[in-house]
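The values are calculated or read from the model by the stated rules, or taken from the named source; none is laboratory data. Being a predicted model, the structure only gives us computed values, none of them experimental. Glycine gets a Cβ as well: all are built from the backbone with ideal geometry, and neighbour counts include every protein chain shown. Surface accessibility is based on the protein's heavy atoms, side chains included, excluding ligands, DNA and RNA. Shrake-Rupley method; radii C 1.70, N 1.55, O 1.52, S 1.80 Å.
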Amino acid sequence: MTSEAITATAAGTWRLGDLVVNRMGYGAMRLTATADGRPTDRDRVIGVLRRAVDLGVNHIDTAAFYFSTLRSANELINSALAPYPDSLVIATKVGPGRDPSGVWSWATPGQLRGQVEENLRQLGRDHLDVVNLRIPRQDSTGSIAEHFGALSELRNAGLIRHLGLSNVRPDHLAEALAIAPVVCVQNSYGVGAPPGEHAFLRACGEQGIAYVPFFAIAGAGREEGASATDAHEVLAVARAHGASAAQVRLAWTLQRGPHVLAIPGTGNPDHLTDNVAAGALRLSEDELARLAG
């Protein structure tokens, strides 16, 4: 498929609370380091961010813990895009923390304000559009009420506009909704996802909550990126459309429901153009079913 003239508007829009975003967004995780761990070229990734906005991307997902030895995703976003367009929605995540050596920790409820303020400082904002509470382990994390309640208080104080959840189960969402509105759920999801996650995606749509897949392209490769090999079914559909496997994977997720938002990340300007163009790719019902497995 031809990518050059396609913008993020091709994917349609969704409303995060009172904020309207194009369903094709951008994830900032790939801004800070190359696949082999080297710091990215600063001028190149700043150019990618500006090109994303030029292509109509108005939903950027980031986090203060996205950094390498020389690069901070939030600082790059600030340098590239401030003063921010009124239409730009920046979503971030709190919960995890990393020290300068890269050692991970998890914030207590009382530490979440410091993480929110860190994001505000790095991004140069007086409030955050969307803050997702990221939990440590989806399968074993217990109650999130105390953490989500702390974020709700920061929302009431005006530091946060809208709240979301990341890496969660349906019972976590129900627990959060009893405390404050939730505009989005951000979970690992893509071709080959388990049946329970398909059901969770549908349930979010029924409640008017955006579902935001991460690792939609990388799949099992996760932080390491997409594998050099891809499923036979994905490749067959890609050939039929003259598209890449990555574009098919993105298009498939977007067609799971009008409430599904895409946040593919890249530091490569050509990959950015291709990712955005995937919002215009329409798969047939047979192809959607074939990829659903």
Requested in this report: Taking the residues in the range 80-105 that are loosely packed, with under 14 Cβ neighbours inside 10 Å and more than 14 Å from ALA64 (Cβ to Cβ) as candidates, determine which candidate is farthest from the chain's Cα centre (by Cα).
Outcome: SER101
Query raised in the report: Residues ALA289, ALA245: which one is surrounded by fewer than 24 Cβ atoms within 10 Å (Cβ to Cβ) and either closer than 24 Å to VAL130 by Cα or out of contact with any Leu (no Cβ under 7 Å at 6 or more places or on another chain) (or both)?
Result: ALA289
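What are the residues in the range 256-293 that are assigned to a helix (DSSP H, G or I) and over 30 Å from PRO39 (Cα atoms), if any?
ALA280, GLU285, ASP286, GLU287, LEU288, ALA289, ARG290, LEU291, ALA292
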Report summary line: Condition set in contact (Cβ under 8 Å) with a residue 60 or more places away in the chain and among the hydrophobic types (A, V, I, L, M, F, W, C), scope the range 45-59, selection farthest from ARG134 (Cα to Cα): answer is LEU55
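Conditions (1) among the hydrophobic types (A, V, I, L, M, F, W, C); (2) in contact (Cβ under 8 Å) with a residue 12 or more places away in the chain, marked per residue:
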{"position": "ARG98", "(1), (2)": "no, yes"}
{"position": "SER105", "(1), (2)": "no, no"}
{"position": "ARG121", "(1), (2)": "no, no"}
{"position": "LEU133", "(1), (2)": "yes, yes"}
{"position": "ILE144", "(1), (2)": "yes, yes"}
{"position": "PHE148", "(1), (2)": "yes, yes"}
{"position": "SER188", "(1), (2)": "no, yes"}
Report task. Please note which strands (runs of 3 or more DSSP E) are completely contained in the range 1-119 and include at least 1 residues that are under 28 Å from PHE148 (Cα atoms), among the hydroxyl-bearing types (Ser, Thr, Tyr) and touching a helix residue (DSSP H, G or I) at 6+ places or on another chain (Cβ under 7 Å). Result -> 89-94
Query raised in the report: Looking at LEU163, is it over 25 Å from LEU291 (Cα atoms), modelled with pLDDT of 95 or more and in contact with a helix residue (DSSP H, G or I) (Cβ under 7 Å, 6 or more places away or on another chain)?
Result: yes
Query - Where a residue in the range 79-93 is closer than 13 Å to VAL53 by Cα and its partner, wherever it lies, is open to solvent by 40 Å² or more (accessible area, probe 1.4 Å), with Cβ under 6 Å and at least six apart - result: ALA80/ARG50; ALA82/GLY124
Query raised in the report: Restricting the search to the range 257-279, which residues are within 22 Å of ALA210 (Cα to Cα) and surrounded by fewer than 21 Cβ atoms within 10 Å (Cβ to Cβ)?
Result: GLY257, PRO258
Query - Members of the range 119-146 that are under 20 Å from VAL212 (Cα atoms) and open to solvent by 40 Å² or more (accessible area, probe 1.4 Å) - result: ARG134, PRO136, ARG137, GLN138, ASP139
